[in-house]
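Shown next, in structure tokens, is the structure this report addresses.
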Protein chains: 4
Amino acid sequence: MGDVLRIGLLGCGRIGIMHAANINMHPKTKLAAVYDIDDSASKNAADTHGAIACGHADEIFANPEIDAVLIATATETHADYIESAVAACKPVLCEKPIDLDLARVNLCRDRIADSTVPVQIGFNRRFDPGHRACRNALLAGEVGELRQLIIISRDPAMPPSEYCAVSGGIFRDMTIHDFDMARFILGEEPVEVVALANRLIDPELMNRIGDYDTAMITMRTATGRQCIINNSRVAVYGYDQRVEILGSDGMLQSENQTPHALRRHSASQTAAQEPYQNFFVERYREAYWAEIGAFADCVMNGTQPEVGFEDGRRALVLAEAAYLSLSEKRVVAVDEVD
Amino acid sequence: MGDVLRIGLLGCGRIGIMHAANINMHPKTKLAAVYDIDDSASKNAADTHGAIACGHADEIFANPEIDAVLIATATETHADYIESAVAACKPVLCEKPIDLDLARVNLCRDRIADSTVPVQIGFNRRFDPGHRACRNALLAGEVGELRQLIIISRDPAMPPSEYCAVSGGIFRDMTIHDFDMARFILGEEPVEVVALANRLIDPELMNRIGDYDTAMITMRTATGRQCIINNSRVAVYGYDQRVEILGSDGMLQSENQTPHALRRHSASQTAAQEPYQNFFVERYREAYWAEIGAFADCVMNGTQPEVGFEDGRRALVLAEAAYLSLSEKRVVAVDEVD
Amino acid sequence: MGDVLRIGLLGCGRIGIMHAANINMHPKTKLAAVYDIDDSASKNAADTHGAIACGHADEIFANPEIDAVLIATATETHADYIESAVAACKPVLCEKPIDLDLARVNLCRDRIADSTVPVQIGFNRRFDPGHRACRNALLAGEVGELRQLIIISRDPAMPPSEYCAVSGGIFRDMTIHDFDMARFILGEEPVEVVALANRLIDPELMNRIGDYDTAMITMRTATGRQCIINNSRVAVYGYDQRVEILGSDGMLQSENQTPHALRRHSASQTAAQEPYQNFFVERYREAYWAEIGAFADCVMNGTQPEVGFEDGRRALVLAEAAYLSLSEKRVVAVDEVD
Amino acid sequence: MGDVLRIGLLGCGRIGIMHAANINMHPKTKLAAVYDIDDSASKNAADTHGAIACGHADEIFANPEIDAVLIATATETHADYIESAVAACKPVLCEKPIDLDLARVNLCRDRIADSTVPVQIGFNRRFDPGHRACRNALLAGEVGELRQLIIISRDPAMPPSEYCAVSGGIFRDMTIHDFDMARFILGEEPVEVVALANRLIDPELMNRIGDYDTAMITMRTATGRQCIINNSRVAVYGYDQRVEILGSDGMLQSENQTPHALRRHSASQTAAQEPYQNFFVERYREAYWAEIGAFADCVMNGTQPEVGFEDGRRALVLAEAAYLSLSEKRVVAVDEVD
């Protein structure tokens, strides 16, 4: 491996393409090859980003000129590709979730258990400058002991109904980011989960696919630290991503930020600001950038990623606990589902 | 009754004295008489506020020169005094809670059931200009249908341990305000409650008295509107009282306000503001003022109070549901305890 | 003089009546007598506030039961009444300005020169909690040496045209508060003034009465501290009253505050706040209250007021300098007009 | 010219290098060649950014493979290079100022008068999303007629003293950006200028080089629109860049923004934010990016730049007027110096 990490990209959809651009702009990484199940998509991406197009994923795993892979394909392929990459000794950055089925995730875990090849899961929000500064301030003792954590996470608009139908459900698809954020901030594993979920935005669709669009999940760690996750599939005022930490000596808030700082004052109102960034590509632009850098760093330095396979697995375990709580209307011990 | 409502005050402790001053400053009310179990307290209050001191509460109920009573005595006397006042046909403004024992509250309800004498419960926060404007904006349709409600309610500091020991517990003493706020905003009755409570601030005291200092309570209405109440007995940065409404067409937040608007900028930070108002007397000054005015209005206009006896009772029912959820670690239907 | 300062009020117009209410609510003061050129006004005020109505101002000056006077009459009577009060050994709180004519002010100064009777000028903004905290932080060294001062002072709406015609002009009527604020904060006397004034809001009226509705005045102290005053007779978003201090080690801002802290978020904007307080009675409510208390304190303690006669005079001198700068289009040394 | 504008860069200092990176990242531009008076600097830049290194500026002007030039060399070379570029029919994006000497600027103007080759001046702030949205809201009529404009522009820290000595003075070096911003927003030319300048930060240096570090400049247009520019060479809390517009129907503020949105709350303060972006490269990152895009657009579409040569010249004229006002202590008509 030279000065620059040569990355093979699997999956040239929206998120894959975003990663492709970041990989080429980042001084530590370079896009070497791309693959997509759709040949024209990989060809397009290859042309735009100056990489070779592969007709099969195995060409990437087999290519000695490729140092690492980024998996941004459909969810059901993630576990297979992680296993192939690890078998080929290629460090992996895999988009979340590892799989929608915990059994499959556990199997994958067992299969790669003997390897030390770095596997990083794409929980991009851990790299958001605001959330990260919030956690750093906590770790630095600025607010003393954490007592309560509030995570507000609301998407600007419903995904397409076809996506909803195969998403795995709101907890495995959307809340999974917040479960990871909770684990990132709490400093201890949640041991109990209670979930509340409703169909308030598109009841017809949600009924049909058996999913929910509005949820509140409370969790608790062994020492009694409390967490509430607040989810909505729609927030018309923009992508709402907040973290609030109540500590014994103070409070920290990682708030939303507007694209620029215009304030409007009129006879009817003052200090009105712009709507929030529309969605994750804009809101977490710096986070995605830092995520690629962190991946390059861990591969190049021979260290393990900050967000590893087990982090991806544990977030899914919490999602399972939430579903069990929902169906049995009770507090669920995380151990019950793990 | 003349142009001004002549009020008899029962209880000359801190909160009673605050009411006494408001009653005399308010153009629609006048303090006529005061009573306290401690004679010197009533004498002092009478002197300071130009009212007559009564040696027994019955003197107030029997006095034809007194149009209405304000009950600010110890909690265990509230129900008795409400019954006496109603029997004497004196409209009542009674500090919360009606009683710590739901059975006693229900008995009181039955005893005054045949009367139309106005009984207002002192849920002062309903009269806070910010919270009220928030609800009004919701009712005016500014944010469409309510989907989620977040109530953050944190006291600046622990009450004295003697108070804690007789407070009735955090849900009946502190959260009860938030249960009422939830009912005020939600527009529908909560039908399910789940509670989480811990001993994070003063575990020794809390263990000894069997209480909790940190809590999260989630609730749901029949149509699926969700609510989270977030309580802490300590917030070192001041009395933290926020309400957030997520609606189908927008969001409303009733935020904290600092005593004045100084912003400090230095090499290490920008826009730092003053700590929040220290506690309820300062934070809810305008609310207490408006509460007295609303009471005077309903008595003078012969209407029923905005916050009546049943509101006081239902908030206690929610507290009972929260306790049951806590002990049985499950979602509790409000009907189970009512 | 007893425990409470008995105050005689001259002038029962809007501002006089506001003072009357404060005087009676304040624990240190009591309204003893009122006078107004309009008998019915004084009678009304006397009835409402429980004071005696006087048919002539001299009755107040001559009354030994009156400890001090508050002058809130028409501007042209201020100097006369100050002289009468001082002659009668009655401490004075006089609304600004002392007089619109500097020569008359100087004469008044000479006439009361030998007296030590306290004369406080009604620059209420000095008592605003935010502005005062701003100055205190400066004096405490929080931002090091002051380098630049920005005062933004905009009224919500034009005064009635009859008022404008006799106001003495924008600098003597409106900016005079800001000249005083500048002196209060700068810590040194301004020695140079340059003024810019235009007729942008109601050019027809301003032309007719020879006044201006929009102005910027820059000033400088001997050591080079700079100040800009920014005035407008109209700000549709409310009474805009800000102070900003740039120091060697930081910045301080005394910002506007909304009546309550509702934030509105919608598809087109976020965090929109209420319009600012409409005008001085609301915005400076706490300042007027503190002003009365400070007056009572200085009289009772035998000290001199924080805002004395010379402060009133010097603010007018700056107004004169501003007018000279305007007519000669040059930097004016304050000495030229004093 | 193909799909991409091939740009030759003159000057590989800090700002040149920043442009080089932007040019290569921007989809519409590509760095073709670089030149610097220091051969190693141009070689370095050429290596890093994949361009050819030129030993002489003329190689760039003569190269038919180069579509346009970006001038980021020392100020005294700007006018010469503009003339060379125009003579070679190469569109120019030239860093501000055109020259420190108005006579030289006028000569340059005359020399290129017959050409229609686009000459864009690097007033990057015009492309700042916040400032631009502020102006767009004004142009859209959101706040009615502009009456007052406040520009606050403070650098985080003093430049090196060697730079100060050759900067041309604060008005030509620093305020020139604000003169341009004033012209951009006011919608009319300033016709009168008054300047105030002091030596408060580093008096010894400022005395030695005959410059100032702290300034306030007020200006007025023919219809009476007022503007204040507020400059300081040091603001310890970060790069402070604000624009405020008072209009007949409202107010607009383009405020500073922090790098992320962490809020700190403690016993001594609430809502404390991060310091502002340190300096122009960070604060105006998006502006520099948009500037390159706008340049590419105007060249490719055959239109004239939004910020042309005359804009560069007029900002300097205002600087000259400010200097004259400073020395003669009077209001200066802009015509006097143009």
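The values are calculated or read from the model by the stated rules, or taken from the named source; none is laboratory data. The structure displayed is predicted, hence computed values, not measured ones. Because the Cβ atoms are built from the backbone with ideal geometry, glycine has one as well, and the counts that use them run over all protein chains shown. To get the accessible areas, we keep the full protein, side chains included, count just its heavy atoms, and leave off ligands, DNA and RNA. Shrake-Rupley method; radii C 1.70, N 1.55, O 1.52, S 1.80 Å.
Quick notes
- If the condition is being open to solvent by less than 10 Å² (accessible area, probe 1.4 Å) and assigned to a loop (DSSP other than H, G, I, E, B), then region A:209-228 contributes A:D211, A:D213, A:G224.
- Within region A:1-89, helices (runs of 4 or more DSSP H) holding 2 or more residues that are open to solvent by less than 10 Å² (accessible area, probe 1.4 Å), of a type outside the set (S, T, Y) and touching a Cys at 6+ places or on another chain (Cβ under 6 Å): A:75-87
- Just one of the numbered conditions (1) touching a residue at least 24 places away in the same chain (Cβ under 8 Å); (2) out of contact with any helix residue (DSSP H, G or I) (no Cβ under 7 Å at 6 or more places or on another chain) is not true of A:D39: (1).
- When A:Q304 is tested against the conditions (1) modelled with pLDDT of 95 or more; (2) surrounded by fewer than 19 Cβ atoms within 10 Å (Cβ to Cβ); (3) in a helix (DSSP H, G or I), the lone failure is (3).
- Region A:201-215, residues that are farther than 20 Å from B:V331 by Cα and at the interface with chain B (Cβ under 8 Å from one of its Cβ atoms): A:I201
- Residues of region B:165-184 satisfying the condition of being in a helix (DSSP H, G or I), within 17 Å of B:K96 (Cβ to Cβ) and touching a helix residue (DSSP H, G or I) at 6+ places or on another chain (Cβ under 7 Å): B:F171, B:R172, B:T175, B:I176, B:H177, B:F179, B:D180, B:M181, B:R183, B:F184
- Region A:269-298, residues that are open to solvent by 40 Å² or more (accessible area, probe 1.4 Å) and over 16 Å from the mean Cα position of the chain (by Cα): A:Q273, A:Q277, A:N278, A:D297
- Candidates A:A74, A:A103, filtered to the one that is free of Cβ contacts under 8 Å to residues at least 12 places away in the same chain and farther than 30 Å from A:G2 by Cα: A:A103
- Test result for B:E192, surrounded by fewer than 23 Cβ atoms within 10 Å (Cβ to Cβ), outside any helix (DSSP H, G or I) and in the same structural domain as B:I228 (by TED's automatic domain parsing): yes
- Put simply, of C:Y276, C:Y239 the only residue that is within 7 Å of another protein chain (Cβ to nearest Cβ) and not polar (S, T, N, Q) is C:Y276.
- When B:L100 is tested against (1) assigned to a loop (DSSP other than H, G, I, E, B); (2) open to solvent by 30 Å² or more (accessible area, probe 1.4 Å); (3) more than 22 Å from B:M174 (Cα to Cα), only condition (3) is not met.
- Within region A:216-232, tally of residues that are within 14 Å of A:R242 (Cα to Cα) and within 7 Å of chain B (Cβ to nearest Cβ): 3
- In region B:251-268, the residues that are over 15 Å from C:H260 (Cα atoms) and surrounded by fewer than 21 Cβ atoms within 10 Å (Cβ to Cβ): B:S266, B:A267, B:S268
- Long-range neighbours under 7 Å by Cβ, at least six apart or interchain, first residue free of Cβ contacts under 8 Å to residues at least 40 places away in the same chain within region B:175-191, second not in a helix (DSSP H, G or I): B:E188/B:T221; B:E188/B:A222; B:E188/B:T223; B:E188/B:R225
- Among the residues examined, B:S232 does not qualify as of a type in the set (S, T, Y) and surrounded by fewer than 22 Cβ atoms within 10 Å (Cβ to Cβ).
- Filter result (out of contact with any Leu (no Cβ under 9 Å at 6 or more places or on another chain) and of a type outside the set (A, V, I, L, M, F, W, C)) within region B:102-130: B:R104, B:N106, B:R109, B:D110, B:R111, B:D114, B:S115, B:T116, B:N124, B:R125, B:R126, B:D128
- Within region C:106-159, the residues that satisfy the criterion of being surrounded by fewer than 15 Cβ atoms within 10 Å (Cβ to Cβ) and away from every other protein chain (no Cβ under 14 Å) are C:L107, C:D110, C:R111, C:A113, C:D114, C:S115, C:T116, C:P159.
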